Structures are given as C-alpha cells and as structure tokens.
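The values are calculated or read from the model by the stated rules, or taken from the named source; none is laboratory data. Since the model is a prediction, treat every value here as computed from it, not as a measurement. Quick reminder, even Gly has a Cβ in these numbers, built from the backbone with ideal geometry, and neighbours come from all protein chains shown.
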Amino acid sequence: MTVHAPFDPRFDTRIDRRGTHCGKWDMMEQVYGVAPDDGLAMWVADMDFAAPDPVRDAVRALADHGVFGYFGDDGAYRAAIRWWMDLRHGWQVDPAAIFTTHGLVNGVAMCLDTWTAPGDAVVLFTPVYHAFARVIRAAGRAVVECPLTTAPDGTYAMDIDAWDAQMTGREKMVILCSPHNPGGRVWTVAELRSVADFARRHDLILVSDEIHHDLVFPGARHVPMAVAAPDIADRLVMLTAASKTFNIAGAHVGNVIVTDPALRRQFAARMAAMGMSPNTFGMHMVTAAYAPAGAAWVDDLVAYLDGNRRVFDAGVNAIPGLRSVPLQSTYLAWVDFGGTGMDRAEFTRRVEAEARIAANHGPSFGAGGDSFLRFNLGMPRAQIAEAVSRLQDAFSDLQ
Ligand SMILES: Cc1ncc(COP(=O)(O)O)c(C=O)c1O
C-alpha cells in the first residue's frame, strides 16, 4: 500500500491548528486527556485542510472591505445552491424553498421546535450522529432508537419490519442521516424509498440530513431523498450544507429546504419567532464555494480522502480483532474493537494513553456503538499513516 501519491500541498501540508481556538485540537486534552503536543486529534468532524481559494478569497475581500454589517439579498446564495444541487446531485431546488439556519444542528433543533411538541418521540436509526439525540433530549422530546443491522459485507443495513414493530403512535418525526454518519453508508434508492414509506405509514415528518452528500467514494452514488421519493414532499424536510464539503463548519450556515407550501409556512413562522437571520461571512463563503472551482477542489478532496481511508483500513484491519467498517462516504472511520475481547475501558485506554489518539467514543452514537471508536480521517496522509502505526503498536500483543 503506497502511503504517498505525489505530494499535494492542498492536502499533504500539515497546518498547525493548535492555539487557534480550534475545537478539535484545543479541546482534546480536556475531553480525552490526550495532549495536542504529541497527540492526534481524530474526533470532531472537521478536516485539517484549508478551504479552497475561492472561499478564502471571499473572506479576504470581506475583511479588506472592513465593514461587517448585516447581510441582505440572498439571491446569489440561493442561486448557487440551486446550481450545486442540480450539477452534483441532479436535484432541482426551488430557491424559494431554502431557509438558512446557523448550521444543521440548529436546523434539526428548528425542525423539532416546528413540528414536534414536548413529550413527542423522534425516531433515529442508530448508531447515528450524536448531536441528534442530544438536541432531541434537550428539547424535552424522547428518542426512539431503531437499530441498524450489519450486512454480510460489514456495512450497515436497515430493518424496516423490526422498526415498524417498535412504533407506538407517539412518534412524530424521523431523522435520517444520508449518507450515514458513522459507518458511511450511502443509502440506495430502494432503502430511501423504504424510509419514505415508513414515514408515511407512521405519519412522521421525515428530516433527511444530507450534510455528507458531496463526500462519496467511487462505486457509490448519493441520491437526495427529494429525488428518490418526490411523492412524500408533503412530509419531507431536506437538510444540506457546504460545511463538511468545503471544511467551513465554523461559518455556521445550513440549509433547511422545504418544498411543501404548508410546511414552509410553518417553518417560516418559527424562523421569524426565533429571530433568525444569516451570518454575513458564512453566506459569502458558501456562495463562493458553490462554483466550478469549488467543484474541482471537491473532486480532488474526495480522491485524497479515498486514499486516506484505504491506508487507514489496510493498517487497522491488519490488527487482529479490529474491524474498520467499509466507508462509502464521509471521512469518519468507524472501528469495531469488539473482536479484541477487551472491555471498552481497556481498548479506549490503549487508543488514548498509548496511541495518543483522540477519537469519538462509540456509545455517544446510541445503541450499537459500544464496542466502537470513530476516527476522523480528514488530515494529511502522513498523519493517517502515523495513526495506523501507533494503533499497531498499542495493540501489538494481538499480532
Ligand atoms: C449528520 C450531521 N449533521 C450535522 C452535523 C453538524 O452540522 P453543523 O455543524 O452545521 O451544525 C454533522 C457534523 O458532524 C453531521 O455529521
């Protein structure tokens, strides 16, 4: 396995983020006890790569202008989204259907606030992105965990019949993560349609969080829920963002896209009630990103991440007892330590104290995550190789 293709300064250059108020590096010691000086930050889902030039140019132009007042006229922003979704996902978005939130955790919270009430239940397919359950519970709603199953190839699969049997009538919403974090599944059209039918059968609002939609590896094809199941537009809410794609999560801009006029009126009313309005920097960054130069950068990024996941998986899967779930999308490797026979405390201690790697703990993703850690592969390949070598050392007694 070659660790290095020709050096690509955009992705191979190590950018020191320590001391920049960066959550991933500057909080790792507090959260995991892994010091940033010799540790590797592989938790929070942002990448250690600089955003592409058009985005940085947009920020520079704003900074040079020097007046940081309120944003107005989001026509170009909406047109850029429409262009991107059509080009990259074959989805024609009505610009009038787009609402702008402060990122997608905020978007999910706004959906909960709009279409559920305290005491209602919300369905998640677990293990799944941890912030969903966090905001659901914080909002006084209940989480219903419908467990994913494991397919023979080690990827996650749906079990709609079992989930049907779990429904009580108290559920008002289901949140799908598409592509899925963690585990990186890109759901097929048949699977998307089965979730759409599930939502209709149980009279649920379907929130489809597609934040990872641009980071899909060769062999898989992401289909937006709005394209796979146009017949459920009357209960469908699409969540998209440029934040994972272009590594601009700090801009805190997300899109809640609602086609149905009645749902749209309800969401607009909540937006107004919450006093939501856009962040000037974020709007300029996203508009600049969704352009041909941004698209070319994303193609190169995905090829680079594909290389990272190959290096990581080859090294990790060579350790007896460890299994890295084959990713079809995302830069978030989901590694099962169950085969080591160690308890959670022991394999976590080895990763943190011996390999000095900060990785997300599996249980925070809900049922099914107990024996897992999640590793962020959005960093220079040399550091991925370093992480692999540290893990091989920390579990060398299993070799
Ligand atoms: C599925 C999913 N949704 C939302 C987010 C976070 O979105 P935001 O930063 O826009 O709040 C993440 C971040 O990892 C994610 O994986």
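Quick look at the values:
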read-out: Among residues of segment 113-134, those that are more than 19 Å from ILE257 (Cβ to Cβ) and either among the aliphatic types (A, V, I, L, M) or within 16 Å of the ligand (Cβ to nearest atom) (or both), counted; value: 13
read-out: Residue in segment 213-220 that is more than 19 Å from the chain's Cα centre (by Cα) and either over 22 Å from PHE267 (Cα atoms) or of a type in the set (Ser, Thr, Tyr) (or both) present; value: yes
read-out: Segment 3-59: number of residues that are assigned to a loop (DSSP other than H, G, I, E, B) and of a type in the set (Val, Ile, Thr); value: 6
read-out: Failed item in (1) within 14 Å of the ligand (Cβ to nearest atom); (2) under 13 Å from ASP313 (Cβ atoms); (3) not polar (S, T, N, Q), with GLY366 passing the rest; value: (2)
read-out: Members of segment 331-358 that are not in a helix (DSSP H, G or I) and not hydrophobic (A, V, I, L, M, F, W, C); value: TYR331, ASP336, GLY341, ASP343, ARG356
read-out: Residue ID - surrounded by the most Cβ atoms within 10 Å (Cβ to Cβ), chosen from residues in segment 136-145 that are within 16 Å of the ligand (Cβ to nearest atom) and either among the β-branched types (Val, Ile, Thr) or modelled with pLDDT under 95 (or both); value: ILE136
read-out: Residue that is modelled with the lowest pLDDT, among those in segment 146-166 that are in a loop (DSSP other than H, G, I, E, B) and charged (D, E, K, R); value: ASP153
read-out: Segment 100-122 residues that are on the phi > 0 side of the Ramachandran plot, paired with ones that are within 9 Å of the ligand (Cβ to nearest atom) (beta carbon under 6 Å, 6 or more apart); value: GLY103/HIS252; GLY103/GLY254
read-out: Members of segment 73-112 that are outside any helix (DSSP H, G or I), within 26 Å of TYR129 (Cβ to Cβ) and away from the ligand (no atom under 16 Å from the Cβ); value: GLY90, TRP91, VAL93
read-out: Top-ranked residue of segment 172-227 - restricted to ones that are farther than 24 Å from TYR331 by Cβ and of a type in the set (Gly, Ala, Ser), ranked as surrounded by the fewest Cβ atoms within 10 Å (Cβ to Cβ); value: ALA190
read-out: Close pairs from segment 153-180: first more than 22 Å from ARG141 (Cβ to Cβ), partner of a type in the set (D, E, K, R) and not in a strand (DSSP E or B), Cβ under 6 Å, at least 6 apart; value: THR155/ARG185; TYR156/ARG185; MET158/GLU191
read-out: So GLY321, is it at pLDDT 95 or above and either closer than 17 Å to THR126 by Cα or among the basic types (Lys, Arg) (or both); value: no
